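Reading through the C-alpha cells given below for one structure.
The values are calculated or read from the model by the stated rules, or taken from the named source; none is laboratory data. Just so it is clear, the structure is predicted and the values come from calculations on it, not from any experiment. Here Cβ is always computed from backbone atoms with ideal geometry, including for glycine, and neighbour counts include all displayed protein chains.
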Amino acid sequence: MLIGYVRVSKADGSQTTNLQLDALKAHGVQQEYIYEDYASGRNDKRPGLEACLKSLREHDVLVVWKLDRLGRNLSHLVKTITDLTQRKIGFRILSGQGAQIDTTTAAGRLTFGIFASLAEFESDLISERIKAGLAAARARGTNGGRKFRLSKAQVRLAEVAMKNRDTSVGDLCKELKITRNTLYQYVSPTGELRERATKRLKL
C-alpha cells in the first residue's frame with residue numbers, strides 16, 4: 001500500500017499542501033492514506049509524521065513529494081529511512097533532489113547508500129571543525145567557554161556552525177559549555193551575528 005506524507009512550514013494559511021497532495025494523488029496515493037504536518041522541518045514534534053510512521057506495515061511504501069519534506073536534516077533522514085528498510089517498508093521521493101531514491105528498487109537502494117555515506121562524512125566534518133575551533137580558542141588563552149561569555153574565536157565558531165543546517169545545537173552548546181539561551185544571545189538560529197557578538201568581536 002502507498003502511504004503519503006506532506007508538510008509545510010507554516011500553519012497560518014500562507015502555505016498550503018495542495019501541490020504536494022496533487023503530486024501524491026497523481027502517483028496513486030489515496031487521500032485517506034496521506035498524513036499532514038504544518039510545522040518547521042527542524043521541529044522535533046510532528047504528530048502527522050509520527051502517526052504516519054506508526055501506521056506503516058511491512059511491504060507498504062512511504063511516498064513524499066521532496067526529500068526535505070521528511071527529514072530535519074540528512075542524518076535524521078538516513079536514520080528514518082534505515083528504520084523503514086529494516087521494517088521492510090519502501091520509501092519513494094517523487095521530485096527534486098533525491099528523486100532517484102526508491103528503496104523498492106536496487107538502483108534506489110544504491111542511491112540511498114550514497115546519501116547515508118555522505119551523512120556520516122558530513123557529521124564527522126562538523127565534529128572535527130568544532131573540536132579544531134575549540135582547540136584554537138584554548139591555544140589563544142581562553143578556557144573553552146565561560147558561562148555567559150564567549151571568546152572571539154568561539155563567536156566565529158558558533159557563527160559558522162549555526163549556518164550549517166545539520167549542526168546539532170545541543171552538541172554545540174555542550175562543546176562550548178554554554179546554554180542555548182547564551183548561544184542565541186550571540187547568534188541567531190540561522191547563524192547571523194547578534195549585537196552582543198558584534199560588540200564582543202570589537203573588544
Given the residues Asp44, Asp22, Asp83, which is the only one that is closer than 29 Å to Pro189 by Cα, modelled with pLDDT of 75 or more and outside any strand (DSSP E or B)?
-> Asp83
So which of Thr198, Thr142, Thr182, Thr104 is among the β-branched types (Val, Ile, Thr), over 16 Å from the mean Cα position of the chain (by Cα) and either modelled with pLDDT of 90 or more or within 30 Å of Ala26 (Cβ to Cβ) (or both)?
-> Thr104
Per the list (1) surrounded by fewer than 17 Cβ atoms within 10 Å (Cβ to Cβ); (2) farther than 18 Å from His76 by Cβ; (3) in contact (Cβ under 8 Å) with a residue 40 or more places away in the chain, residue check on Asp166 breaks on (2)
Selection from segment 25-41 of residues part of a loop (DSSP other than H, G, I, E, B) and exposed (fewer than 12 other Cβ atoms within 10 Å of the Cβ) yields Gly28
